[in-house]
Each structure stands twice: as C-alpha cells, then as structure tokens.
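Student: Next up is a structure, given as structure tokens.
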Amino acid sequence: MNTVPCLDCLVIGGGPAGLTAAVYLARYRRTVQVVDAGESRLNKIPRTRNVLGFPDGIDGPSLLDRLRQHAARYGIEPWCARATALERDAQGFFVATVDGREVSARTVILCTGAQDVEPGIDGWREGLQRGQVRYCPVCDGFETQHQRVAVLGREGHGLREAIFVAGFDNEVTWLSMGSRREVGADELRRLADCGVRIANGVPREIRCLTEQGVTVTMEDGASLTFDVLYPALGLRHIADLATALGARAAADGQLEVDEHLQTAVPGLYAAGDVAHGLNQINVAAGHAAIAATAVHNSLMR
C-alpha cells in the first residue's frame, strides 16, 4: 500500500467547511490535503440567498465552484476520493485509508457533513429546482411567504418545522405520517395557535407537477395540493470515521466538539454539518476558521 508523506492536517470533506479550513491552513503555511467524496449538499441547492456577498443569491454548484477556485489560488487541489478508514499509529499520527493508499497526518479536520433523508416523491429533483421541494426553512423560509406549505415528518421534528414555517405567514399543513396521537395537548395548542392544520393519515403518493405544485394523495384517497413541501425526515450525519476512534456524538448524530471544534479525540476536529450546531453554510465556514486556527496553534507547541 502506497503511503503519502505525513501532512500537518488532513481535511476530509470538500464542501464549504472543508475548503474554508484548507484555505486557512494553506495561508498558515501548513501542509494540507483535502479528500472529497463529492457529496456536498451544496450540489442540491438551486439558490441560496443568505450567504453574505451574494445579495441576489447564488446556486449551490456555482458557489462550490467559487470555493474551489479560491482554494486553488493556494495550491489546494481536492483529491476526489473517499476516506474509508481512520486510525492512529504507534506514534500518535492519524492514518487514513484513501483509494487504497495510506495518508498520514498530525491532525485531522472532519468536514463530511450530512445527508438529508429523502422522501419517495415523484419528480422531486425537478421540484427541488423549481422551489416546490425545499429542505431548509432556516435558509429559504423567507421565500415561501403567503404560500400553501406542507411539512412532511413525524412528531418532534415535523411538528417543530411546521411551527417554524408558519412564522412566515404561510398556510401550513403538517403531514404527520400518523404520529398525531403521540403529540401532547400543549403541543397541539401551539399548532392551533400558529394556524397549522394537521393531516394525520399516511401519504400514499406525493408528486411534483410543473403547473399544479405538489399533490399529496392520502391513504383514504383524499387529494391535497400545496405550493411547497418541506420533507422533515431528519439528517444522516456522516461521523463514522470519528466515532470509530472514540469521538462522542449527540443523539442526532452530530459530533460533540469543544469551543475550538475539537472532538473528544485529541487532534481530531470537526466542522460544518457533522459538528454540533446549526446546519448552515455560514456556520460551516465559521467552524472551519476556528478549527483550522486551533490546528495551527496546536502544531506550534
């Protein structure tokens, strides 16, 4: 197995967090390599309007391309591959297995992000581009004002998201997937106070249609139509490489980190969606700046 010379830092993940961390480390004159499996959620964003510097918004793939161009100014060329294992050797260095090669590094910043749990929706990819299907009301709830909005998700996550979306003066229906009976009286009152309707049956079919919006056929045959649908089915945080080394994760799968974004494993940091905190592009960049600076300072000791 071929071995890459020991790096100051290995960055696993090439989205906003990974590329920002790499730029900071390169500007600190550290040896750094980005390993990117090409699964950034930026690729699914038709337009984001809350990233500073883009008042008219920018689509996710274009933003990702700009980030890569910025990193390239400092000689950073992401290695398009997947890290399949991460261990520590007898000297305390991290050793990652990437494309059949071993990559050794003094520190690691994990920026592997998360993936949305996707619903079974006919035409959802086209609906995502048209703004009929949206995953992040924090990002784009502002754009849904005064529309008919459905939130698909069970008690807990789905309920909270329905209340959040109602704050944009929307006509909101919570598609509770049969979980209404699990909701307490106080939470039902909160929904009523926010004007949220509840469709408690299980959706049998959900389709995105160009002219008609999103149609939902319930198990009893009733047909509902909405302008926008938010799947609130949760995220799968990609933290296995860290937890295998002993890093701790919260119940939702996000890694627990300290104020410097270091996990419970010394020298192993996390930034972006995989780390505890709000899942946002701006937050990912902030995480990365903190983690990269902490890595630099730790290597000076």
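Bear in mind these aren't lab numbers, they're just calculated from the coordinates by the rules spelled out. Note that this is a predicted model, so its numbers are computed, not measured. Every residue, glycine among them, receives a Cβ derived from its backbone with ideal geometry; neighbour counts consider all protein chains shown.
Student: To the nearest 20 Debye, how big is the dipole of segment 118-231 about its Cα centre, given +1 on the beta carbon of each Lys and Arg and -1 on that of each Asp and Glu?
Tutor: 140 debye
Student: Helix-only mean residue ellipticity at 222 nm, the chain, DSSP H runs n ≥ 4 weighted -39,500 (n - 2.57), per residue, nearest 500. What is it?
Tutor: Helix-only estimate at 222 nm: -7500 deg cm²/dmol.
Student: Now for a different question. If R0 is 30 Å, what FRET efficiency do you get for Asp59 and Thr225 from their C-beta distance, rounded to 0.05?
Tutor: Working: r = 27 Å, r/R0 = 0.90.
In this case the efficiency is close to 0.65.
Student: Provide Thr144, Thr210 in ascending order of the number of other Cβ atoms located within 10 Å of each residue's Cβ, fewest first.
Tutor: Thr210, Thr144
Student: Placing unit charges on C-beta atoms (Lys and Arg positive, Asp and Glu negative, everything else neutral), compute the dipole magnitude of the chain about its Cα centre in debye, rounded to 20.
Tutor: My answer is approximately 660 debye.
Student: Let me ask you something else. Sorted from fewest to most neighbouring beta carbons within 10 Å, what does the list Val11, Val133 look like?
Tutor: On the way: Val11 32, Val133 25.
Taking fewest neighbouring Cβ atoms as first place, the list is Val133, Val11.
Student: Go through 84-92, 175-183, 109-117, 190-198 and give me the packing order, highest mean Cβ count within 10 Å leading.
Tutor: Going from most to least packed, we get 109-117, 175-183, 190-198, 84-92.
Student: Among DSSP bridges having both ends in segment 118-231, what percentage is antiparallel? Round to the nearest 5.
Tutor: Values: 10 of 24 bridges.
Percentage antiparallel, nearest 5: 40.
Student: Determine, from the Cβ-Cβ distance of Cys6 and Glu118 and an R0 of 35 Å, the FRET efficiency 1/(1 + (r/R0)^6), rounded to the nearest 0.05.
Tutor: Plugging the Cβ-Cβ distance into 1/(1 + (r/R0)^6) gives 0.35.
Student: Using r as the Cβ-Cβ distance of Asn297 and Ala251, and R0 as 35 Å, what FRET efficiency do you calculate, to the nearest 0.05?
Tutor: 0.65
Student: While we're here: For the chain, what is the percent of antiparallel DSSP beta bridges, rounded to the nearest 5?
Tutor: If I count the DSSP bridges inside the chain, around 45 percent turn out antiparallel.
Student: Here's something else I'd like to know. What is the order of His260, His157, His237, His146, fewest Cβ neighbours within 10 Å to most?
Tutor: Lowest to highest Cβ neighbour count: His146, His260, His157, His237.
Student: Projecting each Cα onto the charge dipole of segment 118-231 (Lys/Arg +1, Asp/Glu -1 at the beta carbon, about the Cα centre), which of Val214, Tyr135, Leu188 comes out farthest on the positive side?
Tutor: Comparing the listed Cα positions along the dipole, Leu188 ranks first.
Student: Charges on Cβ only, +1 for Lys and Arg, -1 for Asp and Glu, centred on the Cα centroid of the chain; of Asn50, Ala81, Cys6, which one is farthest towards the dipole's positive end?
Tutor: Result: Cys6, furthest along the dipole toward the positive end.
Student: Let me know the shape class of segment 118-231, please: from the alpha-carbon gyration tensor, a ≥ b ≥ c as square roots of the eigenvalues, rounded when a/c is under 1.5, otherwise prolate if a/b is greater than b/c, or oblate.
Tutor: Judged from the Cα gyration tensor, segment 118-231 comes out oblate (a/c at least 1.5, b/c at or above a/b).
Student: Output the relative contact order of the chain, whole-number percent, from Cα pairs under 8 angstrom with separation of 6+ residues.
Tutor: The normalised contact order for the chain reaches 20 percent.
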